[in-house]
Amino acid sequence: MSMKYKETQNYVNGKLVNAQTGKFLDVISPVDGTLLSKVPLSSSTDLNQAVAAAKAAFPGWSKTPIKERVQVFFKYKTLLEKNLKELAALCTEENGKTYSESVAEIEKSIELTEFATSLPQLITGEILEVSRGVECRTEHVALGVVASIVPFNFPSMVPNWTIPNAIALGNCMILKPSEKVPLSAMRLAELLKEAGLPDGVFNIVHGDVDIVEAICDHPDIEAVSFVGSTKVAKIVYKRATANYKRCLALGGAKNHLMVLPDAIPAMTAQNVAASMSGCAGQRCMAASAMIGVGNIDHIISKICEEAKKIVPGENLGAVINKESKERIERYISEAEKDGAKVLVDGRNTKVNGKENGTYVGPTVIDYVKPDMSVAREEIFGPVISIMRTNTVDEALAIENANPYGNAASVFTQNGGIARYIIDKASAGMIGVNVGVPVPREPFSFGGWNDSKFGVGDITGKSSIEFWTKLKKSTTKWNPEAGINWMS
Ligand code: NAD
């Protein structure tokens, strides 16, 4: 089969280099099955080169004043804007999401970069005269070489959760893109170079399990940020922290929407349908389970109407690969076998002219019981599983019993109930009449429970704590101040 782009290479010290293993995986477009590229499975030797380059760049970069460092990100932001259409097209090609979803992803990358440019205003330390003539002062100091390991579902946005903040704060980075979508990250590297980032400050090493393990074990990597499934987040968190590294590992999700009978039907239905099907359901913030509290039949019928307006290949993208399509369809069949009712069925979807694409249509499953697999597990496809309860507390009990804790939403016009759910839901990000409650910058992103391991959040002000360490100095310059307990 002919290949659309050339073989992907690692990016080390500002240059493209071949991995030393000679092993590759195919990069296939979920849109239509086109072979886009081959991605190298790098070895620890390749990682060592990248870490050495980052380590060599660190003294110069970390000593560059932050007001100068963020100038690179002002330029990077302009370049993301200038190249938005091309970046979005590439994102769609390798990930399968629709073009307008890719545009939104690049726009979010721009917003994340904008936040990083404000870091000089946020990072000021503290200073206080703690006793006569004696001052205590804190400063945020960069960690050194850090690593960011990312998933397939946001080829540009998730790397940009970490790249601008970590680097603007003075660190040098190794990015390990998802082997399923390595191409967008390579364009980000080109733009960072064009923006004036010195060689060695940002590096990319491709690969899968072996390279992730090598990152967790590398003695010169100070911190590891991970975004992906809970299974791997646990492995990475355990291994990186066992090697005494700082680690923040974001995992999977099973987000619940609670819908009350007083919810505005049209708005609720549109939000539910958009939340469960956006990015083909491959979002850690997607609505996956819905709990009707009382009689909400009138809203469920509207959700079905909305779902039927969603057309695969038009306003619904592909799922990442054949295995994903099969897994999602298996979940739907299992629910049906267990007695649930499939109201809108996305199985066996084909898109004309894109027969090799991997599409699943929007799917609405009603009369789901809390012990069914579609109610408990992350499906990562355009599927909503509807359960029914009589009370808000029963709904909350189902939400709370789930091990994940990324997001939860409530649809109601009752402010008291909304506040009660904000208090009682066991999730890090809560929506009220909002289907995808992603906090916008400068508010930070991060779930609870099995959706995140480690302290703090990955974006916003919280990221300052993760990407820096505090230096505390106590100084006395004034002998006339006399002797006191600090002397
Ligand atoms: P994944 O866990 O399979 O892969 C993530 C990264 O880990 C990739 O770079 C991959 O190469 C690497 N990896 C895979 N298996 C590994 C192993 N056994 N050991 C070490 N490294 C391994 O995740 P994915 O399929 O790429 O992404 C989808 C998942 O990511 C979903 O569960 C989704 O909810 C989650 N996600 C979470 C968030 C969040 O903010 N919590 C955001 C985006 C995606």
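I'd like the residue in the stretch 126-162 that is modelled with pLDDT of 95 or more and in contact with a Cys (Cβ under 6 Å, 6 or more places away or on another chain) and, out of all such residues, is farthest from Ala214 (Cα to Cα).
Of everything passing the filter in the stretch 126-162, Leu128 is farthest from Ala214 (Cα to Cα).
Please verify whether the stretch 115-125 includes one or more residues that are surrounded by fewer than 18 Cβ atoms within 10 Å (Cβ to Cβ), at pLDDT 95 or above, farther than 20 Å from Ile204 by Cα and touching a strand residue (DSSP E or B) at 6+ places or on another chain (Cβ under 6 Å).
Looking through the stretch 115-125, at least one residue is surrounded by fewer than 18 Cβ atoms within 10 Å (Cβ to Cβ), at pLDDT 95 or above, farther than 20 Å from Ile204 by Cα and touching a strand residue (DSSP E or B) at 6+ places or on another chain (Cβ under 6 Å).
Tell me, which helices (runs of 4 or more DSSP H) lie completely within the stretch 30-114 with 3 or more residues that are of a type in the set (Ser, Thr, Tyr) and open to solvent by 10 Å² or more (accessible area, probe 1.4 Å)? Quick ask: steps written out before the conclusion?
Working: elements: 44-63, 66-82, 84-95.
Output list reads 44-63.
Output yes when any residue across the stretch 204-227 is in contact with a Phe, Trp or Tyr (Cβ under 6 Å, 6 or more places away or on another chain) and within 16 Å of the ligand (Cβ to nearest atom), and no when none is.
yes
From (1) more than 19 Å from Leu16 (Cα to Cα); (2) within 16 Å of the ligand (Cβ to nearest atom), pick out the condition that doesn't hold for Ala185.
Exception for Ala185: condition (1).
Of (1) closer than 21 Å to Gly228 by Cα; (2) in contact with a helix residue (DSSP H, G or I) (Cβ under 8 Å, 6 or more places away or on another chain); (3) aliphatic (A, V, I, L, M), Leu396 satisfies all except one. Which?
Condition (1) is where Leu396 drops out.
With the condition kept exactly as written, say whether any residue in the stretch 260-267 is touching a residue at least 24 places away in the same chain (Cβ under 8 Å), crowded, with 20+ Cβ neighbours inside 10 Å and not hydrophobic (A, V, I, L, M, F, W, C).
No, because not a single residue in the stretch 260-267 is touching a residue at least 24 places away in the same chain (Cβ under 8 Å), crowded, with 20+ Cβ neighbours inside 10 Å and not hydrophobic (A, V, I, L, M, F, W, C).
Ala397 passes all but one of (1) crowded, with 16+ Cβ neighbours inside 10 Å; (2) without any contact (Cβ under 8 Å) to a residue 24 or more places away in the chain; which number fails?
Of (1) crowded, with 16+ Cβ neighbours inside 10 Å; (2) without any contact (Cβ under 8 Å) to a residue 24 or more places away in the chain, only one is false for Ala397: (1).
State which residue pairs qualify: first residue closer than 19 Å to Val181 by Cα and inside the stretch 199-217, second residue near the ligand (Cβ under 9 Å from one of its atoms) in any location, beta carbons under 6 Å apart, and separation of 6 or more residues or different chains.
Val205/Lys176; Val205/Ile211; Asp208/Glu179; Ile211/Lys176; Val212/Ile149
The values are calculated or read from the model by the stated rules, or taken from the named source; none is laboratory data. Being a predicted model, the structure only gives us computed values, none of them experimental. Counting neighbours? That spans all protein chains shown, and the Cβs are built from the backbone with ideal geometry, glycine included. Protein only, heavy atoms only, side chains kept; ligands, DNA and RNA dropped before computing areas. Shrake-Rupley method; radii C 1.70, N 1.55, O 1.52, S 1.80 Å.
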